[in-house]
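Notes to accompany the following structure.
None of the figures in this text is laboratory data; all of them are computed from the coordinates on show. This one's a predicted model, so the numbers in the text were calculated from it and none came from an experiment. Heads up, the Cβs are rebuilt from the backbone with ideal geometry, glycines too, and the neighbour counts pull from every protein chain shown.
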Amino acid sequence: MMKRISFVLCILLIFMSSTVMVRADDAVAQGVKWSPDGHWIAVNTSSGVWVFDAENPDAEPKVYYEGQEIRLSAFNPVTGNLVVLISDWANYTYKRGFVNLETGEADQESIMYFNGGGDSNPISPDIPVYEMAYSADASFSAMTLENLLYFYNADFNRWLGQRLIFDFGTGYTVSLSQMGSTNNILLLSWSDENKLVLVNQGEGIVSNYDVDVSGYFSVYSIDETHALLVKGDAIDVLDTDASDAALLAAAPEDNSFETSAYLASTGTLYVGGYGYWQSIDVSTGSVNLTVKVESEAEHMRFVAFDFNPDGSQVVSLQSDGKVTIWDSTSGESVRDLGTFAAGMSLKWG
């Protein structure tokens, strides 16, 4: 009898060990990224960047820059390495960190400066930064910085230049998207003019669009001339040739899209609000799937998404701190990776 009980207990322990989530009750999650090769999932937190092995989800996650606030992160689409932006409140500056995920090595953080250099002019951590992304060919990376768009080389350790989007003190650049295979970047700004501009690294501002962008919080490129503009109650398609925006989809009744909307390479848009997420076909505007999620937290909402390379799975971050992988076709939960103290959006956190 004792042998049988022991056997059952062993089976239970094995089962539990393969399904127990990571808990980090002292860290607030601030974003989630899936690497372009599908191997890694990175979660930015107030205490380091947590990197999960998507190919071996039972493995313990690795934590880099533990104890430091990771404001933003981006995977290099060619090398797969991870660059992070660190809020160094002790020294009152931003720092850049670089992680080689194959070797597990993280370099020493380097301080970031206005205009790319000058020890007397570091970027302070209260300067708003909302987004950081690589170009598709990894020839450069771009970052929003208050009223500027900053450009760096592929390893984010050499400043290439900056572009002034509007006069100082009138607003913030909040979202960027590279337009198809070009080096043009569509940039959305909260400013006195609520600007939507097309910027080129070499040429500066190529186009200023006369479109009412008040209320939008994110922009996502569909191709070289079309982009999605997302706000709380609707998603619009922008035709940059015609400078015209048309409704693609509206949020469900008595709900909203919040700040979580991510476009997969398959042409599917993932959006989330209070207690639900949806997938929307960008070509037709039709809703493919609606998934309702229960949570012990009152007013739980989805604050971030990202997807694996083929779009078959989606990883989400909830405001209650839960990180989950979903099957994008069935909407079934594949795995809960972990739970943090809370999850927040950098834009409307």
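Each Cα pair under 8 Å and six or more residues apart adds its separation to the average, and for the chain the resulting relative contact order is 12 percent. Here the spin labels are modelled as points 7 Å beyond Cα on the Cα-Cβ line, and at S243 and D327 they lie 4.8 nm apart.
Give, as ranges by residue number, the residues of segment 76-114 whose backbone N falls under 11 Å from the point 7 Å along Cα→Cβ of A136. None, by backbone N distance to the label point.
Near D236: Cβ cut-off under 14 Å, other residues only, Lys/Arg at +1 and Asp/Glu at -1. The net charge is -3. Each residue of segment 218-230 was assigned a 3J(HN,Hα) from its phi angle through the Karplus curve 6.51 cos²θ - 1.76 cosθ + 1.60 (θ = phi - 60°); the sequence is 8, 10, 9, 6, 9, 7, 5, 10, 10, 9, 9, 10, 10 Hz, with glycine and proline shown as x. Against the chain, whose longest principal axis comes from its Cα atoms, helix 2-19 is set at around 0 degrees. Inter-part distance, segment 271-349 to segment 127-170, computed on C-alpha centroids, equals 28 Å. So if we plug the beta-carbon distance of N208 and N157 into 1/(1 + (r/R0)^6) with R0 = 22 Å, what FRET efficiency do we get, rounded to 0.05? Efficiency at R0 = 22 Å is approximately 0.10. Farthest towards the positive end of the charge dipole of the chain, among the residues S295, V282, P36, is the Cα of S295, using unit charges on the Cβ of Lys, Arg, Asp and Glu. Using the Cβ-Cβ distance between D25 and N194 with R0 = 41 Å, the FRET efficiency computed as 1/(1 + (r/R0)^6) comes to roughly 0.60.
Computed on segment 239-285, the Cα convex hull volume stands at 96 Å³ per residue. Compactness check for the chain: Cα Rg over 2.2 N^0.38 Å is 1.01.
With 31 Å as the limit on Cα-Cα distance, the pairs of K62/K231; K195/K292; K95/K292; K33/K231; K62/K195 that go past it are K62/K231; K195/K292; K95/K292; K62/K195. Extension gain for the segment T79 to Y276, taken as residue separation times 0.36 nm less the Cα-Cα distance, is 67.5 nm to one decimal. Work through the residues other than F75 whose Cβ is under 13 Å from its Cβ and net out their charges, Lys, Arg +1 and Asp, Glu -1. Once all neighbours under 13 Å are counted, the net charge is -3.
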